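For reference, the structure discussed in these notes is given below.
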Amino acid sequence: MQEVQAASCIFSFFIKPFIYMGNGGVKMIIDLVFSGGGVKAIAFIGVVEALEERGIKVRRVAGTSAGAIVGALVAAGYTSTEIKSMLPTLSHLFFKENNQKSWVPSWLRWLRLYWKKGLYTGDGLLDWLEQKLKDKGIRRFCDLPYGSFKMVASDLTAGKMIVLPDDAINYDRDPQLMNVAKAVRMSASLPFFYEPVRLMKGKQVHLIVDGGVLSNFPIWLLEEKGADNTIPIIGFQLQTEDKKQVHHKINNVIELYSALFITMKEAHDARHLEKIGKRNVLIIPVPSISLTNAYMSANEMHALIETGRACTLAYLDEQILQ
């Protein structure tokens, strides 16, 4: 396995890709996984654009948190151009509430956090995604090719990570009849920012939050024992400059809490990446901005897209399509 660095993008490739003949010549099929990353996941639009430019077809897609949002659009059949056109509304979805009054003082929102366990309901995101999927004829997982879209979420009540839609059966629901947008809303339920999604199992209420709490880069999600590995699983992971340091600085209780949370969030994925040798992983460098920064300029958003596109093109041209 050879690791290559190009345009500050780090990638490695290990598996011979599955190639097929399309109308435009030699192409290939892949499965892809998107990490979490809040609004920085806009960079994944550039990934989709690069795949389209090189004629690469996506068979299955998985993700967590914001990566699940982009993954849902890809699974539904949206092109990078179509997703780009959504940016004016997409970037403000984090704060949009269908019934929230503009005059509500900030202290009431913090009071709401205490009682509702989240500053925002997340209804704006849910309704927006439901409409976008409906426009493509998709409402439930049975409307998608079987197994073509998966994501992770965190069940705080049971204290475990769940895979959607597969684990819906553990909540007395048919996985194929599960609402796709609702599943994504669970995976993208950023703690304290959005209210946890309440999922009933009998008389027990389960609080479901962001999948990134337990697995922010679930590249393991599409792996299957005994499966044909000629179709590679390629993971796209966002990384800020401050994440490149190996050791955490812990000089006070705040830094201790931060290191504790980061370790909890990343330990599972780090262990798996060590096991597989980080093969088929493209690390996309992104600026250190807030996960919920909904006020990025058009230039900042397009810079993220171009970074994702440039890194992916370098990866494809140097490692796969050479």
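The values are calculated or read from the model by the stated rules, or taken from the named source; none is laboratory data. All of these numbers come straight from a predicted model, not from anything done at the bench. Methodologically, a virtual Cβ is constructed for each residue, glycine included, from the backbone with ideal geometry; neighbour enumeration extends over all protein chains shown.
Miscellaneous remarks
- Any hit, segment 173-194, residues being in contact (Cβ under 8 Å) with a residue 60 or more places away in the chain and basic (Lys, Arg): yes
- The strands (runs of 3 or more DSSP E) found wholly in segment 182-234 and carrying at least 3 residues that are surrounded by fewer than 21 Cβ atoms within 10 Å (Cβ to Cβ) occupy 197-201, 204-210.
- Qualifying residue in segment 66-83 (condition: within 18 Å of the chain's Cα centre (by Cα), at pLDDT below 95 and not in a loop (DSSP other than H, G, I, E, B)): yes
- Any hit, segment 175-188, residues being modelled with pLDDT under 95 and under 27 Å from Lys136 (Cα atoms): yes
- Enumeration of residues in segment 198-215 that are touching a His at 6+ places or on another chain (Cβ under 9 Å) and touching a residue at least 24 places away in the same chain (Cβ under 8 Å): Leu199, Met200, Leu214, Ser215
- Qualifying residue in segment 215-237 (condition: of a type outside the set (Lys, Arg), under 27 Å from Val286 (Cβ atoms) and touching a Cys at 6+ places or on another chain (Cβ under 9 Å)): yes
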